[in-house]
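The values are calculated or read from the model by the stated rules, or taken from the named source; none is laboratory data. Keep in mind that what you see is a predicted model, and the values were worked out from it rather than measured. Cβ placement follows ideal geometry from the backbone for every residue including glycine, while neighbour counts extend to all protein chains displayed.
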Amino acid sequence: MNMSGSLGRPVAVHKGTFAAGMPWWYVGGVLVVSAIVCVVRQPKDLPADPIVMALVSIVGGAICLIVPIMRLRQTVTVFENGFVWNHLFGTRTISRADIAGAEMKIERTVKNGQVTGTTTKVIVTLRGGKELSIVGVNDPGQLVGLLQQSSQAPAAYLGASPGAPGWAPPSGGAPPAGGYNPPAGGWQPPR
């Protein structure tokens, strides 16, 4: 991850959350537990062989657990000059020059007029027209802000490397020669 240092220093790390795959954790867990119970108890009233039912439950549980494991195992590390997205199927390194923009979308699942769940996506638009959809990371608002900022601003705004031009205190950080002079009448709160 950024072994060459070409992306600069890390600015923030966003990891996957357990809650991002919540309904899938439940369904996959129930299927795996049902397979174990099926093998241990071996009920007589099953329509098929208990071993076959257990294998079907384990395969179904494993398929259901792919999505939450993908969301939990991902990490987005934002650097001064881009970001690295580690997920279950590999690593994507995106430089700052390739980022065209970023936005956050909140999708709500509605059943019978009630909101039953929400999914927060960070959609990163690349200069080539492609989009990356990052789902289930902690603090997605901060991630969007950093990626928008990195797509529009020079590196100095993201904690520039030492020696790079950026903000410096006036006159080398020393207070004015006459010291601090408060305004006449003292400070007044705004009205």
Conditions (1) surrounded by 11 or more Cβ atoms within 10 Å (Cβ to Cβ); (2) within 16 Å of the chain's Cα centre (by Cα); (3) within 26 Å of SER6 (Cβ to Cβ) -> LYS121 fails only (3)
Has region 81-102 got any residue that is more than 23 Å from TRP25 (Cα to Cα), out of contact with any strand residue (DSSP E or B) (no Cβ under 7 Å at 6 or more places or on another chain) and either surrounded by 12 or more Cβ atoms within 10 Å (Cβ to Cβ) or not charged (D, E, K, R) (or both)? yes
Result of the Cβ filter at 7 Å on region 110-124, keeping first residues that are in the same structural domain as LEU143 (by TED's automatic domain parsing) and of a type in the set (Asp, Glu) and partners that are exposed (fewer than 10 other Cβ atoms within 10 Å of the Cβ) and in a strand (DSSP E or B), at least 6 apart or interchain, is none
